[in-house]
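Everything on this sheet refers to the single structure shown next.
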Amino acid sequence: MSDPSSINGGAAVAMVGKDCVAIACDLRLGNQSLGVANNFEKIFNYDHTFLALTGLASDVTTLSEVFRLKTNLYKMREERSIEPETFANLVSSTLYQKRFGPYFIGPLVAGINSLTGKPFVCGFDLIGCIDYAKDFVVSGTATDQLYGMCESLYEPGLGPDDLFETISQAFLSAVDRDALSGWGAVVYVITKDKVTKRLLKTRQD
Amino acid sequence: MGSRRYDSRTTIFSPEGRLYQVEYALEAISHAGTSIGVLSNEGIVLAAEKKVTSKLLEKDSSEKMYVLNDQCVTAVAGLNSDAGILVNTARVYAQQYLARYNEPVPIEVLVHRLCDIKQGYTQYGGLRPFGVSFIYAGYDDRYGFQLYTSNPSGNYSGWKATSVGANNSAAQTLLKQDYKEDISLKEAKELVLKVLSKTMDSTTLTKGKIELATVSKKNGKIVTKIWKPSEIDALLKETGIVKEENEENEEIN
Amino acid sequence: MDIILGIKLNDSVLIATSKAVTRGISVLKASDDKTRNLGDHSAMAFTGESGDTVQFAEYVQANLKLFSVRQNYELSPKAMASFVRKELATSIRSRKPFQVNVLIGGCDINKETPETSLYWIDYLGTNVELPYAAHGYAAFYALSLLDRHYKPDLNEEEGIKLLQLCNKELSTRMPIDFKGLRVKVINSQGVKEYDDLTAL
């Protein structure tokens with residue numbers, strides 16, 4: 001009941017398609033069973049690299065600010081934006097620095113490498129162990145439901161439009177079976193030269 | 001030299017009430033390449049003279065212009081290695097401010113912070129002061145576009161047009177002569193190049209000898225930009241300050 | 001059992017706080033003020049562990065005042081909320097965290113058109129901007145009322161009416177007498193204070 005990673009609720013998923021990736025999150029922020037906000041986005045972007053953070057909302061905000069600071073300094077030092085693979089390692093080492101007093105979050109990284117054009121997604125545990133995936137990664141209080149939906153709906157090699165459809169259906173069905181997730185959703189579809197953000201209407205209970 | 005007794009430590013006043021180490025730092029800067037800044041209500045232009053020391057030197061990298069954050073750039077005059085330390089401090093401070101308040105750091109707050117650090121080295125003994133002056137160009141919601149300079153003593157001031165480094169008094173006179181209150185960004189660029197061409201050692205401006213940075217507003221968003229040599233080249237041609245015939249010679253250099 | 005409520009209106013923000021101080025079975029005071037002004041155009045209401053609350057509120061109040069004296073400029077409500085959030089987020093991982101929940105209402109007068117905002121921040125360091133907000137048990141009763149009756153373009157008078165509706169419900173449903181509500185109205189003119197909602 002007082003597990004920090006499920007006080008506020010929330011869920012996220014990322015999927016790989018053909019020359020594209022998609023990442024989605026819900027908009028709910030709650031206090032146990034009480035819904036507090038329906039505008040709490042859990043996806044952040046650092047130029048072309050996308051990060052979803054589920055778990056304790058306080059840590060979601062803190063980490064999104066920490067990564068903004070680190071990627072901004074990286075960008076000025078390197079005179080280029082951070083690549084998804086590099087960012088994944090930054091997330092990993094940042095989380096492991098707090099090995100014995102961790103942030104209660106479940107991050108996902110998604111993006112397309114601007115040099116190679118390769119789609120990339122990965123997930124992490126709360127202390128930074130990277131889970132590289134070639135299909136999809138999930139996170140949050142609807143993790144079990146998301147695994148089930150993704151396992152049954154996902155297929156490799158989907159184009160941007162089909163990928164959007166797949167990730168949206170999987171995500172909506174999953175959060176509808178979780179009391180702590182939902183209250184609206186956001187889906188980003190990322191291709192090499194375009195990012196589309198769509199707001200999904202969901203059940204409001 | 002009467003100064004010997006008072007200049008080995010930064011903390012000691014001379015009998016005439018001077019801080020020699022600080023004055024030497026200022027002296028070091030007055031030999032550095034000139035940097036100029038001009039403020040307009042459409043944006044700010046910074047330009048600096050690059051002292052090209054050898055044709056063998058890799059010169060694609062910018063050495064005097066630094067981005068401090070998304071709304072502020074700075075031009076350096078003085079010891080570049082000293083500047084690097086302060087620039088890094090400024091970048092980290094700007095990002096920490098952003099993380100803390102979720103708002104970009106106001107330009108004056110950033111300048112103030114750097115000057116506090118500079119001032120510290122004029123008072124706490126054993127170390128030498130930072131041998132750098134900066135020109136800061138930035139934007140914030142409070143005062144709009146702003147231009148500041150700071151020097152090794154830790155003083156700073158706001159300007160409409162200013163210069164630091166070698167020949168800065170000549171540059172200042174030229175700026176005073178030609179500056180207009182309602183100057184456009186384009187005119188500011190031209191003014192900066194004109195003044196620089198007159199104060200530089202060599203008579204001809206080329207992309208290899210100058211650096212340029214701007215802060216402007218595009219579609220309501222602040223854009224900071226450090227110009228690439230090719231872009232500077234295009235600007236020089238456009239403004240007609242450089243003559244085509246000089247191009248070839250300079251390319252070799 | 002303390003009540004703190006906030007409602008964002010078309011050009012102002014209302015902050016209402018209960019006046020009772022309770023300890024165990026006693027009501028110790030009936031004229032408590034659970035708010036502090038963070039600047040000329042912002043106020044913070046707070047609840048939580050007694051002792052922590054005032055200590056924390058005055059700590060951030062003093063720090064924000066120090067900032068404005070040093071820099072000769074007042075932070076926007078958004079920046080103040082970010083600052084308070086960070087203080088609580090750092091505190092939660094300390095040896096003895098502040099157990100304080102707050103609402104911050106403010107008006108950003110440096111925007112082209114003055115912008116009002118309301119922030120809900122809990123002791124964990126969770127910060128969200130909301131149209132209406134409440135902490136504690138009062139939230140369960142007040143939020144459902146506000147969900148039903150809130151409109152973003154309410155004026156000050158209609159906002160007060162809405163607060164009175166909340167007050168009525170809370171008086172009926174809360175198990176103790178909370179001794180009425182003190183109200184602060186924040187707009188581009190500054191912060192106005194009213195000793196009791198029912199007098200309005």
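The values are calculated or read from the model by the stated rules, or taken from the named source; none is laboratory data. If you're wondering where the values come from, they're calculated on a predicted model, not measured in any experiment. Quick reminder, even Gly has a Cβ in these numbers, built from the backbone with ideal geometry, and neighbours come from all protein chains shown.
Assorted remarks:
- Test: C:T198 is surrounded by fewer than 20 Cβ atoms within 10 Å (Cβ to Cβ), farther than 25 Å from A:Q32 by Cα, hydroxyl-bearing (S, T, Y) and over 15 Å from the mean Cα position of the chain (by Cα): yes
- Test: residue in the stretch B:140-156 that is at pLDDT 95 or above, in contact with a Cys (Cβ under 6 Å, 6 or more places away or on another chain) and under 21 Å from B:V215 (Cα atoms): yes
- Pairs meeting the criteria (first residue in the stretch B:67-79 and within 14 Å of another protein chain (Cβ to nearest Cβ) and closer than 16 Å to B:S150 by Cα, second residue hydroxyl-bearing (S, T, Y) and assigned to a strand (DSSP E or B), beta carbons under 6 Å, at least 6 apart or on different chains) are B:L68/B:T74; B:V73/B:T224; B:T74/B:Y66; B:T74/B:Y136.
Results for (1) surrounded by fewer than 16 Cβ atoms within 10 Å (Cβ to Cβ); (2) modelled with pLDDT under 95; (3) touching a Ser or Thr at 6+ places or on another chain (Cβ under 7 Å), shown as yes or no for each residue.
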position: B:V38; (1), (2), (3): no, no, no
position: B:K50; (1), (2), (3): no, yes, no
position: B:T53; (1), (2), (3): yes, yes, no
position: B:L57; (1), (2), (3): yes, yes, no
position: B:A83; (1), (2), (3): no, no, no
position: B:Y93; (1), (2), (3): no, no, no
position: B:A99; (1), (2), (3): no, no, no
position: B:N102; (1), (2), (3): no, no, yes
position: B:Y121; (1), (2), (3): no, yes, yes
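- Taken as a whole, the stretch A:28-36 holds at least one residue that is within 12 Å of another protein chain (Cβ to nearest Cβ), assigned to a loop (DSSP other than H, G, I, E, B) and buried (at least 24 other Cβ atoms within 10 Å of the Cβ).
- A:S58 surrounded by fewer than 24 Cβ atoms within 10 Å (Cβ to Cβ), over 25 Å from A:I112 (Cα atoms) and of a type in the set (G, A, S): no
- Within the stretch C:65-78, the set of residues being within 7 Å of another protein chain (Cβ to nearest Cβ) and surrounded by fewer than 19 Cβ atoms within 10 Å (Cβ to Cβ) comprises C:Q71, C:Y73.
- Hits in the stretch A:167-198 (condition: surrounded by 19 or more Cβ atoms within 10 Å (Cβ to Cβ), more than 17 Å from A:G17 (Cα to Cα) and in contact (Cβ under 8 Å) with a residue 60 or more places away in the chain): A:A174, A:V175, A:D178, A:L180, A:S181, A:G182, A:W183, A:G184, A:A185, A:V186
- Taken over the stretch B:132-171, the criterion of being crowded, with 24+ Cβ neighbours inside 10 Å and not hydroxyl-bearing (S, T, Y) is satisfied by B:V132, B:F134, B:I135, B:A137, B:G138, B:P152, B:A161, B:V164, B:G165, B:A171.
- The residues of the stretch C:13-32 that are among the hydroxyl-bearing types (S, T, Y) and within 13 Å of the chain's Cα centre (by Cα), listed by number, are C:T17, C:S18.
- Residue among C:A57, C:A62 that is more than 14 Å from every other protein chain (Cβ to nearest Cβ) and either under 13 Å from C:I104 (Cβ atoms) or not in a helix (DSSP H, G or I) (or both): C:A57
- Candidates A:A52, A:A11, A:A22, filtered to the one that is in contact (Cβ under 8 Å) with a residue 12 or more places away in the chain and under 24 Å from C:A133 (Cβ atoms): A:A11
- Within the stretch C:34-54, considering residues that are more than 14 Å from chain B (Cβ to nearest Cβ) and touching a helix residue (DSSP H, G or I) at 6+ places or on another chain (Cβ under 7 Å), the one surrounded by the most Cβ atoms within 10 Å (Cβ to Cβ): C:M44
- Matching residues, the stretch A:9-27, being away from every other protein chain (no Cβ under 13 Å), buried (at least 18 other Cβ atoms within 10 Å of the Cβ) and assigned to a loop (DSSP other than H, G, I, E, B): A:G17
- Screening the stretch A:77-86 for residues that are surrounded by fewer than 18 Cβ atoms within 10 Å (Cβ to Cβ) and not charged (D, E, K, R) and picking the one that is farthest from B:N69 (Cα to Cα) gives A:T86.
- Residue in the stretch A:149-171 that is closer than 24 Å to A:S92 by Cβ and touching an Asp or Glu at 6+ places or on another chain (Cβ under 9 Å) present: yes
- Every listed requirement among (1) within 19 Å of B:V67 (Cα to Cα); (2) out of contact with any strand residue (DSSP E or B) (no Cβ under 8 Å at 6 or more places or on another chain) is met by B:A137 save one, (2).
- Scanning the stretch B:200-213 for residues that are of a type in the set (V, I, T) and crowded, with 22+ Cβ neighbours inside 10 Å gives a single hit, B:I210.
- Given (1) crowded, with 20+ Cβ neighbours inside 10 Å; (2) more than 11 Å from chain A (Cβ to nearest Cβ); (3) among the charged types (D, E, K, R), index of the condition C:R148 fails: (1)
- Considering residues of the stretch B:81-101 that are free of Cβ contacts under 8 Å to residues at least 24 places away in the same chain and within 28 Å of B:S197 (Cα to Cα) only, the residue nearest to the other protein chains (Cβ to nearest Cβ): B:V87
- Restricting the stretch B:104-119 to residues that are farther than 23 Å from B:H31 by Cβ and among the charged types (D, E, K, R) leaves a set whose member that is surrounded by the fewest Cβ atoms within 10 Å (Cβ to Cβ) is B:D116.
- Of the residues making up the stretch C:95-125, those that are part of a loop (DSSP other than H, G, I, E, B) and in contact (Cβ under 8 Å) with a residue 40 or more places away in the chain are C:F98, C:Q99, C:I109, C:P114, C:Y123, C:G125.
- Among the residues making up the stretch C:108-131, those that are of a type in the set (V, I, T), more than 9 Å from every other protein chain (Cβ to nearest Cβ) and farther than 17 Å from C:S91 by Cα are C:I109, C:T113, C:T116.
- Of the strands (runs of 3 or more DSSP E) lying entirely inside the stretch A:65-168, those carrying at least 1 residues that are within 14 Å of another protein chain (Cβ to nearest Cβ) are A:105-112.
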